[in-house]
Every structure is written in C-alpha cells, then in structure tokens.
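Every number here is computed from the coordinates shown, using simple stated rules; none is lab data. The model shown is predicted, which means the values in this text are computed figures rather than measured ones. A quick note on method: Cβ atoms are made from the backbone with ideal geometry, for glycine too, and the neighbour counts reach across all protein chains shown.
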Amino acid sequence: MNTISQTLTILSSMIAPVVLILACGSLITTTSQRLSRVIERSRKLTEQLKQLVKNNDASSEVITEEGTKLFYQLNKSTLRTNLLQRAMVTLYLCLSLFVATSISLGIMDVFNAKHTWLPVLLSIIGALMLFYVSVLLIRESSLALKAISKEMDDALLYFKSNLEGLPVASKAKWWRTIKLWQKVKPKTQKEAASVLSEQSA
C-alpha cells in the first residue's frame, strides 16, 4: 500500500508541468502554421518580382513603382519569417525544459532528494522563454498588420486613380463606401448594411 501511494505521488508530481507542456505544443502548432503561410507568401512575392522584371510591356516607371511595393512586402515577410523561426526554436527549447522538469521531479521523488532547486530553476527558465516567445509573436503580428495595411492602402489608391472607365460619380461613391468600411468597422454584416444605407441616403 505504501509503495502504491509513493508511486501515485511520484506520478502526480511528474504530471504537474503537463499544462505548460500542452501550452508549448499548442503554440508550436499555430506558430508552425503561421511560418508556413509566411514562407508561401514570400515565394509568391518573389515570383511576382520575377514576372515584373520579365514584363517588357511595362515602362521603367511602372516597374520601379510596383517593384518598390513588392520589395516592401517581401522585406516584411522576411522579417516575419525570422521572428517566427526564432519563436519556433525557443518553443522547442521550452518544451525540452518542461519535460526535463517533469523528469527531474520524478527522479527527486524516487531518491527523496532534499534540494528542490533544479525543477524550480528549469520551470522558471521555461516560463521566461515562453514570455520571450510571446514578445516575438506580438512583434510578428505587428509586422503583419503593417504589411496588410500598406497593401490595402496601395489597392485603394490604385482603385481611386486607375479605374478610368468608371464614371466619376460612381467612383466617388465607391470610394466613400470603402473609406466608410475602414472607418466604421461594424461588428456584423447587418449593422454594416444599415450604416451604408444611411450614408447613401
């Protein structure tokens, strides 16, 4: 009976870091997906740059303007890739530390060790590294927001200046509608429709 009780105590102490291990696993999955999307995005931007260079019909001014936009997006994607890669490496180290914490707790229970500083130190280092990962992911999200905002601004500018076939009144109306969508950012489609109908009236 005493042996079973000791076994259960040891297993319980080893399971204690499981929450942090699960958190690391979840972050590794989501970060890996984000990294894959950013890498795919970088490849698409590179292909667009190559196509732009090969396009003999475009003038040098157009190539320079479009190339600048693509380089901006590619630069942001590269920075995001670096941040996500660092986050992935740190997360794997965190996972190793929390597993090591679990193992050390089991070993210390088996040998009735009096000094408990090792699992505490391992868990503190792992928690600090998780905090560092959070900072990296916040920076990556900020870069993603800047990139998409710049891309949307370029698209809106192109819409405003290059759709010559659209009547001026229609163009102005569409432009006001798009700017209103950006400004209002309604929570539901129904709310958006009511806001736009009031604006057009």
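Work out the FRET efficiency for THR78 and TYR158 from their Cβ-Cβ distance, taking R0 = 41 Å, and round it to the nearest 0.05. My answer for the efficiency is 0.95. A Förster radius of 22 Å combined with the Cβ-Cβ distance from HIS115 to SER26 puts the calculated FRET efficiency at roughly 0.10. In the structure shown, do any of LYS44/LYS69; LYS50/LYS76; LYS54/LYS150 have a Cα-Cα gap over 20 Å, and if so which? The answer is LYS54/LYS150. Our estimate of slack between VAL53 and THR68, defined as 0.36 nm per intervening residue step minus the Cα-Cα distance, is 4.2 nm.
Ranked by the mean number of other Cβ atoms within 10 Å of their residues, highest first, the peptides 26-34, 74-82 come out as 74-82, 26-34. Note on LYS150 and VAL18: with the Förster distance fixed at 30 Å, the Cβ-Cβ geometry gives a FRET efficiency of about 0.10.
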